[in-house]
Every structure is written in C-alpha cells, then in structure tokens.
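Working notes for the structure below.
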Amino acid sequence: MAVQEPLVPRHQVFLNFRGVELRNGFVSYLETALKNAGINVFIDKYEERGEDLTVLFRRIEESKIALVVFSRRYMESEWCLNELAKIKECVDEKKLVAIPIFYKVNPSELEALFNDACETHSNVQTHMEKWKVALECIKLKMGLTLLEQSDEVVFLKTVVAEVMKKLTAIPINLEGEEKVAILFGIEHRIKQVEEKFGFDHSDETRIVGIVGMPGIGKTTLATELFKRYENKFIRCVNFLKIRKEMGSGHLRMTFLQDLLPKKKTNITHKTTFDCLKTELLMNKVFVVLDDVSSEKHIKTLLGDRSWIKKGSRIVITTRDRALIADLDPNPYVVPRLNPRDGLMYFSFFALGGFNPEMEDYMKMSRVFVDYVRGNPKALRELGKELRGKGETLWKAWFGALARCSNESIKDLLKISYDELSEKEKDAFLDIACFFKSEDEFYARSLLDSGDHDESSEVSSEITNLAYKFLISISGGRLEMHDLLHTFAIELCSLSSTVEKCRLWKYQDIIAALHDKMGTKTVRGISLDMSQVRDMPLEFSVFANMCNLWYLKFYTSTCPRECEGDCKLNFPDGLSLPLEEVRYLDWLKFPLDELPSDFNPKNLVDLRLPYSKIKQVWKDSKDTPKLKWVDLNNSRMLQKLSGFSKAQNLLRLNLEDKSDFTENSYPQRLYEAS
C-alpha cells in the first residue's frame, strides 16, 4: 500500500529570489528552516530554463506569504521581476502577504541596482514601469535585513518566527485558501475509488457510491474525481447539492441541460430521457450526482438507465447507503483522517500550519483532534473558530465542546436528523442518552419499534441509523461519533426542539416528579440517586407519564449496588400505570411488589437489585417481550410465579437468593437449561 503524503498545505510560502546567487547557500538554509518548522515552501527550481511563468504565477496565487529576497544580483533576472510584479498584484488584491528580506543589501540601494539592470533587459520598456512600481511597493513593506556581519543562523530563526506570526494572523478566508486545503491527503482516497471504476472493463457501465457521515468529505472527493476525468469523456456533469433542488421536473431539466448543452433551448421540465435517448446514447458520460437524499432523486436523474451508453461512469454521493444498495452494493465508505493527518489538517486552519515549536497549542490541538475523530469538516470549522484565539480561550472552548456544538457543525448534522422518521429520531436520541456503547442485540430489543418481525432487519430503526452513518456497529456494540453524541444531547437539553423529553439532569427530573408539568412528553428518566436526599413522593407521581419507555434509578457512588435505603419514599403507596416501559431499573425498590396497575406488556428488561420486593406482581401477567430479569440481593423475595408467562425470558439473576427450588423458576428457563 502506498504511503499517504502528510496532510500539509501545498504552498504556504513562495520564495522569490535570485537563484544563481542564493540557491545553494542562504535560500537552501532558509528552505530547510521553514520546513523544519512545519511550513510548506515552494521554490522555483527552473528559473534558468525559461519555462512558462503561468505555472509560477499559479503557485504565487496559491500561497499565503511571499518572501522576496532582495540581493545585489536580484535585478539582473527578468524572471524575478516578473514574479515580483505578480506578487504585488496579489498583495493589492489582499490575497497575499509579502515580506521583503534584504540580503546584504540596503533598501536604499535597490533603485540604483534596478536602473543599472534595466539597461541589459530585453523589451525593458514594456515591463519597466510595472517592475518599478512593484519594487517600490514591496521594498517599503516591513521587512528583515541581513547585514554582512550578521549571524545567519540567528537571522534564519528570526525569519521563521516572523513567517509563523504572519501565518497565524492571516484570516482563514483568504480567497482560494480553502480550495487548496481540501486537496491535502486525498490522493489515497482517489486511488481507492478509481479501482472501483474498473476502467479495464471499458464496455461496462459502473455506478460507484461514495458514502459516509456528514462532513467526512464525500463531495470533496467526488469533485476532485470529476476534475480528473472531465476531459476524458465527451459528456460530463458535476451535479452538486441535489438535496437542495426543488421538483422532479426542474431537477431533470437542469441535469439534461448540463448533459446536452447544445440542446438547452429545447429542454424543458417536461422533457424525459426517452425524448433524447438517441442523442444520449451517442457518447459515454461521466456524471457526479452529489448529496442524493432520496430514491426519488435517483429515479428522476437516472430513470431506467437505458439512456446511458455502456462504458459510462456515474458517481453518487449520499449519507444513506440504503438508497444506492441496488446500484452499488459495496459503496466506497470515506474513511476519517488518521490522527496524524487530522492534526496536520486542524493545525492548518487553527494555527496556519503544523508548528512543533508551539508546544502548548499543539498539545491542545491533539485534544481537539482526538475529540473530532478525523472528521474534516469539523476539524476545519473548529480550526477556523480557534484561529487567532489565546491559549486560555482554547482551553475554555474545549471545556464547552462536549456540551455545545459549533454552529456550522450543528447545521450540518441537523440536515441528517431532520430527514429521519419519527421512530428513527427517537432511536437516535435514545442511543445518545441511554445506550451508547451498549450491546447491539440488547439495544435492538429495547429500541426497535416492534412494528415488524423481530427476526427481520428490514425496518429496524437501528439498521436504518447505521445505514445513514448516524451510529456505527462495532464489535457487537452500538457506537456514536462524539460530534453526533454532543449534537443529540444538546437537542435533548432543549425541550422545545424535541417532542419527547429524556431526563438525566437532577434538577430536571426533580422538577418533573414534583410539578408533573409536561410529564406526558417524558420518554426516559435516568436519575443518579447519589445526588438525592431522602425525598417523599406522591402516590400518583408517575400517573401521567404514559409515554415513558425507560426508567432508571441508580447510584454512581456505589457501583457494586451496595446495601442501603432507597432515597425515594412513597408514604401513601405508588401508582405505576405504565404500559410503554421497555426498561425498568430501580435500585433498592422500596415496596413489597410492583403496583397492581403496572402493565409489563412491553417490558424487555426488569432490574430490581437490592430491593425489598417479596413478589414482582400478584398473579401472572402477560410479558411477551421480557428477556432479562435481575433481582440480585433481593433477599425478601418469596415468589416467581408472576413470570409464568415470560416465554421469551433469557436470563434471571437471583444472586444471593439460593433457597429457591427448581419448581420456583419460570418454566421457560427450566426448559432452556
């Protein structure tokens, strides 16, 4: 496997200098010093070959800083003076910062040196005025002077420090900078996608999906692929941001107009592929369909695909791999940046480049990179947010990051969230609040809506979320990217943004239990009782929580569930008319049995450790979904007959309750053993 190039800006600094005089001495040392500081430098190595200046001018435009090294023989080179004029042009347009370096020459000497040199230049009249204006402009900039008696080693350090200072101060939105930045580290990904193109099989039509979480770089990758292949196909279309297009007719019309530009006047919103099929089949096409968000988009833009000439290549980017499962069962999943490349990329936006000498900032940068976990969009937005900020603000910003998302990142993630079904939204928020890193089978048992065959994954909310890259399934556990987790928790904290509340903050839970306001919207409660003093509660405290799915009372100060009294007291008894509850975990449950009005028809997991319970409930109740029961250290327990209808029970924990006989256990467990 090819080694990926370090993720650094291509050209942060452009060096303008007289090659025959300085290339093998001062400039060589300067280049090394800049690169050792993590600054990428462009040096023209072909000055004497008379090549087209267009390439060099483009390198100047791509750079952030131009170091103009004036020396005694500088004016002899028309090449140097042409570059100088271009540098002045970019400075005037505020696209470049110029730093003059006076190498063993005084600024006051430059005009005389220029006049002497002009007598030897060809076509001098054509360019002299432009050169002269550029010289006057650049030499008056705040610069650095190396005298004959100066220490070059010390001077080089001064130059590097000044460049770093300027890089950090340059606004991140300099025109063209982000266009350059997005190219870094992309070569390996391009090669991987190109392998899927299968150009060895030129007569095949290939549709290649590019998928991944929001901000991972799908559009960037597809656009760079388009740039590489647009000149190899007669007909090419790079159709970006399809998600934002309105109406099928308009979408298809725009696509056909781009595909057949000569027929623009003949194409309307009513034009179909069949109308133009003969002409379309004349040439192979290279098409990028970016940000596809529905099956309707694919049907509108590709139709039955009979109009596509064999040998064409079509790239589709989407956040939902299920949309293209029939077109590309094995799409390219854009990988996140590895820690090294992520650090380089973040440093580019936050610090103007990778700089090992800024030790404290680099340490904090690694913390940000670790949190973002290789998402380029997030690295870019956080870097831009922090650029130019002091060390104290960096620390404060990170402290708030796990509680509050960057606005640009939040907007990006909200697009995916808004497109979820209501059941998918519930599952996404439930995972973030209660089931991150939980066992997949266990979470499926609790989270899936139950409106489908449990043995099927066709309409599973968890499967759908994984296909949309809002969660991942790794090692049999549900995982969620920290960015998505922060976004979800923030949504749940803003009660106005979600229809159902998930409560885990002490103050919110106590308010809900005491005031009973909005209790119909409560979907989950997870209360750490180590924060609670003894609290008497009313008989009907849960009476209105008809949509409650998860109820958990635990203590973080006693992970072994040590003995002690329950801090929640019910002097008048307890009503628990809950029919939707999937998960009931109540450490040290204080009553002899669960209330008679409790309906366990949807209950999946029941945990009553260290409880005072004697029997779970009177008689036998229908528990078709019950799989797990934990009654460990419930030493007053006398009966298990209430579980006689628990036909799907998988595990019963009766630790420290050894006086039960075989006949005491539910028949289902006895048979399974």
Which whole-number value in Å³ per residue fits the convex hull of the alpha carbons of segment 187-333?
-> 104 Å³
Cα-centred dipole magnitude for the chain, charges only on beta-carbon of K, R (+1) and D, E (-1), debye, nearest 20 = 980 debye
Under 12 Å, Cβ to Cβ, from K395 - net charge with Lys/Arg +1 and Asp/Glu -1 | 0
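What FRET efficiency comes out for the pair S248/R305, r = Cβ-Cβ distance, R0 = 22 Å, nearest 0.05? If you can, show how the numbers build up before the last one.
Working: r = 16 Å, r/R0 = 0.75.
Here the calculated transfer efficiency is 0.85.
Find the all-direction average of the projected area of the Cα convex hull for segment 537-631, expressing the result in square nanometres with one decimal place. Please report the intermediate quantities before stating the final value.
Working: hull surface 23.9 nm².
Taking a quarter of the hull surface, the average projection is 6.0 nm².
Tally Lys/Arg at +1 and Asp/Glu at -1 over every other residue whose Cβ is under 14 Å from the Cβ of E152; what's the total?
Numbers: positive: K104, K157; negative: E31, E148, D151.
Spelling it out: positives minus negatives among the neighbours equals -1.
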Counting all C-alpha pairs of the chain, share separated by more than 50 Å (%) = 35 percent
Peptides 299-312, 588-601, 268-281: what's the order by average Cβ count within 10 Å, highest mean first?
-> 588-601, 299-312, 268-281
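Could you sort 614-620, 67-73 so that the peptide with the highest average Cβ count within 10 Å comes first and the rest follow in order?
67-73, 614-620
Given a Förster distance of 60 angstrom, what is the FRET efficiency for E93 paired with T557, based on the Cβ-Cβ distance and rounded to 0.05? Don't skip to the answer; put the middle values down first.
Working: r = 63 Å, r/R0 = 1.05.
After rounding to 0.05, the efficiency reads 0.45.
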Which FRET efficiency value, to the nearest 0.05, do you get for R340 and S620 by plugging their Cβ-Cβ distance into 1/(1 + (r/R0)^6) with R0 = 45 Å?
-> 0.15
Report, in debye and to the nearest 20, how large the dipole of segment 410-493 comes out about its Cα centre when Lys and Arg carry +1 and Asp and Glu carry -1 on their Cβ.
-> 300 debye
In whole Å, what is the distance between the alpha-carbon centres of segment 81-154 and segment 255-304?
-> 54 Å
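Mind checking the dipole of segment 339-388: about its Cα centre, +1 per Lys or Arg Cβ, -1 per Asp or Glu Cβ, Debye to the nearest 20? The partial results should precede the final answer.
Details: 8 positive and 7 negative charges, 43 e Å.
Once rounded to the nearest 20, the dipole reads 200 debye.
For the pairs K389/K414; K520/K645; K363/K389; K500/K645; K612/K639, note any where the Cα-Cα span goes beyond 22 Å. Write down the numbers at each step before the final one.
Details: K389/K414 27 Å; K520/K645 30 Å; K363/K389 15 Å; K500/K645 31 Å; K612/K639 13 Å.
Those over the limit are K389/K414; K520/K645; K500/K645.
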For segment 614-656, what ratio Rg/Rh do Cα atoms give with a Kirkwood hydrodynamic radius?
-> 0.95
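Count the net charge of all other residues whose Cβ sits under 10 Å from the Cβ of F102, scoring Lys and Arg as +1 and Asp and Glu as -1. Walk me through the numbers on the way to the answer.
Details: positive: K104, K139; negative: E109.
Charge balance near F102 sits at +1.
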In Å and whole numbers, how far do the C-alpha atoms of segment 410-493 stretch along each principal axis, longest first?
-> 36, 24, 21
Cα-Cα separations in segment 339-388 greater than 14 Å, expressed as whole percent | 36 percent
Lysines whose Cα lies under 23 Å from that of K310, excluding same-chain neighbours fewer than 8 positions away | K191, K196, K227, K232, K262, K263, K277, K284, K299
All lysines inside 16 Å of K104 as judged from Cα atoms, apart from same-chain residues fewer than 8 positions distant = K139
Say the dipole of the chain comes from +1 at the beta carbon of Lys and Arg and -1 at that of Asp and Glu; which of A466, T205, T486 then lies farthest toward its positive end?
-> T205
If the label point sits 7 Å along Cα→Cβ of A402, residues of segment 360-396 with amide N under 16 Å come out as 367-373, 395-396
Taking the Cα centre of segment 273-374 as the origin and placing charges on Cβ (Lys, Arg +1; Asp, Glu -1), which of T317, I298, L343 is farthest toward the positive end of the dipole?
-> I298
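Read the figures in this text as sums done on the coordinates, not as results from a lab. Just so it is clear, the model here is predicted, and its values are computed rather than measured. Every residue, glycine among them, receives a Cβ derived from its backbone with ideal geometry; neighbour counts consider all protein chains shown.
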